[in-house]
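S.K.: Take a look at this one; I'll ask things after.
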Amino acid sequence: MYDRIKTALLRFADLSDNQLSEVINRLQRHEVAKGNILFKEGQICRHFYFIDSGCFRQCMTMESGVEATLNLWVDGEWMFDHKSFISQQPAIAHIEAADDSLVFTLGGHDFHELVKISDIFFRLGSIMEDGVKNNDYQHNRLSPEEKYELLLAKRPELIQRFPLKHIASYLGMTPETLSRVRKKISS
């Protein structure tokens, strides 16, 4: 049941079986149905979430009423609201299940307790970097084609797992622009 998360933890640090158990014993298991909100706008993020199965998107409603997709995650990845977690201020976005999902949560307090046990757990702080993907393709300095090609190269699984309207929003373009880009690239 914990195979995927053990593999993910071992990417950050060479943990012994006992050290892995220290982490596993602090995890909470949650099933989240498609369309349900895991983390609400206005809440303070106090947990890391590991996606054992499923996928999630982080989004917010803009002043214009349009929903913007800020981040996308799939199984085997860590997620959290970075800004809210670091500042301990209310989040401006929510995290929603895009598919029926299973997640494990690790509380910030539990993380700090692990670091007190052993310095090796400090390496798990890399979860923060893993949970905030490098979103180069969201920057306006790239053309729509460059953004899409970069996404294809770095995270092609997103295109298979999310509706194109969410991919377009994630890339900072309209669905119509994304359709034109995909058509141009495929021909």
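S.K.: I need a count of the residues in segment 52-68 that are small (Gly, Ala, Ser) and open to solvent by 80 Å² or more (accessible area, probe 1.4 Å).
M.R.: 1
S.K.: Also, I was wondering about something else. Restricting the first residue to segment 146-162 and requiring it to be within 21 Å of Phe56 (Cβ to Cβ) and in contact (Cβ under 8 Å) with a residue 12 or more places away in the chain, which pairs with a second residue that is among the polar types (S, T, N, Q) and loosely packed, with under 14 Cβ neighbours inside 10 Å meet a Cβ separation below 9 Å and a spacing of at least six or different chains?
M.R.: Lys154/Asn134
S.K.: If you don't mind, there's one more thing I want to ask. What's the number of the only condition in (1) open to solvent by less than 50 Å² (accessible area, probe 1.4 Å); (2) assigned to a helix (DSSP H, G or I); (3) within 21 Å of Met60 (Cβ to Cβ); (4) not acidic (Asp, Glu) that Lys165 fails to meet?
M.R.: Condition (1) is where Lys165 drops out.
S.K.: Scan (1) closer than 26 Å to His112 by Cβ; (2) surrounded by 13 or more Cβ atoms within 10 Å (Cβ to Cβ); (3) not hydrophobic (A, V, I, L, M, F, W, C) for the single condition Asn18 breaks and write down its number.
M.R.: Result: Asn18 passes all but (2).
S.K.: Quick check, is Val103 aliphatic (A, V, I, L, M) and at pLDDT below 95?
M.R.: Working: aliphatic (A, V, I, L, M): yes; at pLDDT below 95: no.
So Val103 fails the test.
S.K.: Right, something else. Which pairs do you get when a residue that is without any contact (Cβ under 8 Å) to a residue 24 or more places away in the chain, found in segment 171-185, comes within reach of a residue that is open to solvent by less than 30 Å² (accessible area, probe 1.4 Å) and assigned to a helix (DSSP H, G or I), reach meaning Cβ atoms under 7 angstrom, with the pair 6+ apart or on two chains?
M.R.: Listed pairs, sorted by first residue: Thr174/Ala168; Pro175/Ala168.
S.K.: Considering segment 1-12 alone, what residues qualify as being of a type outside the set (Lys, Arg), closer than 20 Å to Ala97 by Cβ and open to solvent by 70 Å² or more (accessible area, probe 1.4 Å)? Let's see the steps before the verdict.
M.R.: Here is the first cut: in segment 1-12, the residues of a type outside the set (Lys, Arg) are 1-3, 5, 7-10, 12.
Remaining after also requiring closer than 20 Å to Ala97 by Cβ: 1, 5, 8.
Within segment 1-12, Met1 is the sole residue that qualifies.
S.K.: Considering Arg57, Arg4, Arg29, which residue is in contact with a Leu (Cβ under 6 Å, 6 or more places away or on another chain) and among the basic types (Lys, Arg)? Lay out the reasoning, then the answer.
M.R.: Working: Arg4 fails: in contact with a Leu (Cβ under 6 Å, 6 or more places away or on another chain); Arg29 fails: in contact with a Leu (Cβ under 6 Å, 6 or more places away or on another chain).
Only one candidate qualifies: Arg57.
S.K.: So, in segment 170-187, of the ones that are within 24 Å of the chain's Cα centre (by Cα) and open to solvent by 30 Å² or more (accessible area, probe 1.4 Å), which residue ends up nearest to Lys147 (Cα to Cα)? Working first, answer last.
M.R.: Our first condition is that a residue be within 24 Å of the chain's Cα centre (by Cα); within segment 170-187, this holds for 170-175, 178.
From what's left, open to solvent by 30 Å² or more (accessible area, probe 1.4 Å): 172, 174-175.
Numbers: Gly172: 9, Thr174: 13, Pro175: 14 Å.
By that ranking, first place goes to Gly172.
The rows are residues; the columns are (1) at positive phi; (2) in contact with a helix residue (DSSP H, G or I) (Cβ under 9 Å, 6 or more places away or on another chain); (3) open to solvent by less than 80 Å² (accessible area, probe 1.4 Å).
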residue	(1), (2), (3)
Asp14	no, yes, no
Glu22	no, yes, yes
Lys34	no, no, no
Phe39	no, yes, yes
Phe50	no, yes, yes
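S.K.: To continue, here is another question. Looking only at segment 107-123, which residues are open to solvent by 20 Å² or more (accessible area, probe 1.4 Å), at pLDDT below 90 and outside any loop (DSSP other than H, G, I, E, B)?
M.R.: Within segment 107-123, the first condition is being open to solvent by 20 Å² or more (accessible area, probe 1.4 Å), and the residues that meet it are 109-110, 112-113, 115-120, 122-123.
So of that shortlist, the ones also at pLDDT below 90 come out as 112, 115-120, 122-123.
The answer is His112, Val115, Lys116, Ile117, Asp119, Ile120, Phe122, Arg123.
The values are calculated or read from the model by the stated rules, or taken from the named source; none is laboratory data. None of these values were measured; they are calculated from a predicted model. Please note: Cβ atoms are built from the backbone with ideal geometry, for glycine as well, and neighbour counts cover all protein chains shown. Surface areas here come from the heavy atoms of the whole protein model, side chains and all, with no ligands, DNA or RNA. Shrake-Rupley method; radii C 1.70, N 1.55, O 1.52, S 1.80 Å.
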